[in-house]
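The values are calculated or read from the model by the stated rules, or taken from the named source; none is laboratory data. Since the model is a prediction, treat every value here as computed from it, not as a measurement. Here the Cβ positions follow ideal geometry from the backbone for every residue, glycine too, while neighbour counts run over all protein chains shown. The protein model used for the area step is the full one, side chains on, heavy atoms only, and it has no ligands, DNA or RNA in it. Shrake-Rupley method; radii C 1.70, N 1.55, O 1.52, S 1.80 Å.
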Amino acid sequence: MPQTYQQYLQEHREQHLKELFDILKIPSISSLSEYKEDVRNAAEWLKAELEKTGMEHAEVMKTKGHPVVYADWLHADGKPTVLIYGHYDVQPVDPLNLWESDPFQPEIRDDKIYARGVSDDKGQIFMHVKAIDAFLQTDGKLPVNIKVLFEGEEEIGSPHLPAFVEEHKDLLAADLIVISDTGMPEKDKPTICYGLRGLCGLQINVKGATSDLHSGEYGGGVQNAATALVELLASFHDRDGKVLVEGFYDKVEELTAEEKEAFAKLQVDEEKLRKQLGVPELFGEKGYSYTERTSVRPTLEINGMQSGFTGEGLKTVLPSEAFAKMTCRLVPKQDPYEILELLKKHIHAHTPKGVTVTVTEFDKGYPYVTPLDHPAIQAAGRAYEKVYQVPVTYTRGGGSIPIVAAFDNILKLPVVLMGFALPTENAHAPNEHFHLENFGKGLETICAYWNELQTLIFS
């Protein structure tokens, strides 16, 4: 009797974990120039691994920054073509002293793999590679046509990928895109993410006097840049967290009845969450649940502030300069460029007396949503339920993957976000880890999804 993919995955589990450890050991930190060669090494490792599984046309392809890895297998005549996207670059590891083990020497503790990038996103793209391997080693073929695109710049905003996608539209043509760079809200609660919020960011620079001033001699007669910044920042929200920027909510659409029902089924225990976060109460826009506020409502957050003397002891000065960094998470129909213009207009209208204010713009990314009832989304739900044996839930992600909107704009394809990470796994933080249970079940879910997709017809 021929071996099934489930049997193959079980029998080769230890080998697969060893192979995963090999790529986790490569410090592919895209934001730091001293790791440029390591990023390239990770790309070459993936190319070799894809070739080993039986994928064809594997290639490390140049961009104006770090390279991308492409491969395909296109012999499933009449079946859908899936483009799998993920990233092999990782965040820096600072502060290193908070890691309990070397971030680039993977360890298994308490049924979790500890290493930088294991949850975000090396572990999840590796699962796709091994799912392909399982089918090709047991059936000798894949249920669907598959193209793979792994990039090395996601952690720095994918600055060069849109141009690459535009240039290679024919190469990347498919029926849908599958991305595993999201997660599940909690253990044993599989969730399909069918949308992501967009992003825009800026820095507010407040300038007062030509230099810091003695607070005894000048206090009360000259505007304090720090005070002016605080006044300006306070103008952005009401006491319940609603954004007061004129026009900010004009294009925001309310949830459909079907979406509201899906969000209600998530059943987030807000009291448990409150205790876990260590806050006296949760906070946010009135009239919406915590889940809705953190996924389908737009936000404006202060990410950091700096001004004046912050060392030990006291220095009695009037700071001459102050700045704050801010980001907005945006929902469908909100344009990041339009929102930035509204923010700048608000800043100009609310600039306190006695200072000048300038604005520096940062990242911009569009929101994205695939209709909840899309056949590719529903097929993903069936695959999760077959493996996890519990009803799947549906949500939109509160974070942003800017390249998703670029894929939508350039390739015009539905995007399915199939994540297996958990929010407690310290992505971007010390002691990042990934649960072995989701590594195993995730592999089976991906395989089940390819089987589900082979019967779908895409117009």
Computed magnitude of the charge dipole of the chain (debye, nearest 20; Cβ of K, R +1, Cβ of D, E -1): 660
When only Cα pairs under 8 Å and 6 or more residues apart are kept, what is the percent relative contact order across the chain? 25
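From Cα pairs below 8 angstrom and at least 6 apart in sequence, can you work out the relative contact order of region 327-390, rounded to a whole percent?
On the way: 22 pairs, mean separation 27.0, N = 64.
Once normalised by length, the contact order is 42 percent.
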Across region 398-414, in residue order, what do the Karplus-derived ³J(HN,Hα) couplings come to in whole Hz, using 6.51 cos²θ - 1.76 cosθ + 1.60 with θ = phi - 60° and x for Gly and Pro? x, x, 9, 10, x, 5, 4, 5, 5, 4, 4, 5, 8, 9, 6, 10, x
Give me a comma-separated list of calculated 3J(HN,Hα) values for region 229-243, in order, Karplus coefficients 6.51, -1.76, 1.60 applied at θ = phi - 60°, integers in Hz, x for any Gly or Pro. 5, 4, 4, 5, 5, 5, 7, 7, 9, 8, 5, 9, x, 5, 6
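Report, in deg cm²/dmol and to the nearest 500, the calculated mean residue ellipticity at 222 nm for the chain, where each DSSP H run with n ≥ 4 adds -39500 (n - 2.57) and the sum is divided by the residue count.
Values: 14 runs with 151 residues, N = 459.
My calculation for the chain gives -10000 deg cm²/dmol from helical runs alone.
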Can you pull the accessible area of TYR8 for me, 1.4 Å probe, Å² to the nearest 10? 20
Give the distance, in whole Å, between the Cα centre of region 233-271 and the Cα centre of region 350-374. 16
Using 7 Å Cα-to-Cβ label points, what is the PHE21/VAL230 separation (nm, one decimal)? 5.3
For a label point 7 Å from the Cα of GLN7 along Cα→C-beta, name the residues of region 112-147 whose backbone N is under 12 Å from it. 138-139
Whose amide H sits under 5 Å from the amide H of GLU107, counting only residues 5 or more places off or on another chain, with H placed in the peptide plane? TYR114
Need the list of lysines near LYS344 for cross-linking: C-alpha distance under 24 angstrom, and skip anything on the same chain fewer than eight residues off. LYS207, LYS242, LYS251, LYS325, LYS333, LYS353, LYS364
Table column - 3J(HN,Hα) (Hz), region 189-204, Karplus curve with 6.51, -1.76, 1.60, x for Gly and Pro: 10, x, 9, 8, 8, 10, x, 9, 7, x, 8, 8, x, 8, 10, 9
For the full complex of protein chains and a 1.4 angstrom probe, list ASP170, ASP373 by accessible area with the highest value first. ASP170, ASP373
Along the Cα→Cβ direction, 7 angstrom out, place labels at GLN137 and SER33. What is the inter-label distance in nm? 4.2
For MET418, distant residues with modelled amide H under 5 Å away: ILE179, SER180, ASP181
Taking GluC sites (Glu not before Pro) as exposed when DSSP calls them loop (any state but H, G, I, E, B) and at most 13 other Cβ atoms lie within 10 Å, what is the longest stretch of the chain free of them, the sites themselves excluded? 313-459
At 0.36 nm per residue, minus the direct Cα-Cα distance, what do GLU385 and LEU456 gain on full extension? Give it in nm, one decimal, please. 23.8 nm
To the nearest 10 square angstrom, what accessible area does PHE362 show with a 1.4 Å probe? 90
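Got a sec? What order do LYS364, LYS386, LYS242 fall in by accessible area at 1.4 Å, biggest, i.e. largest, first? Numbers along the way, then the final one.
Values: LYS364 65, LYS386 125, LYS242 95 Å².
Ranked from most to least accessible, the order is LYS386, LYS242, LYS364.
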Using amide H atoms built 1.01 Å from N in the peptide plane, name the residues 5+ places from HIS237, or on other chains, whose amide H lies under 5 Å from its own. LEU244
What order do LYS187, LYS122, LYS18 take when sorted by accessible area (1.4 Å probe), most exposed first? LYS18, LYS187, LYS122
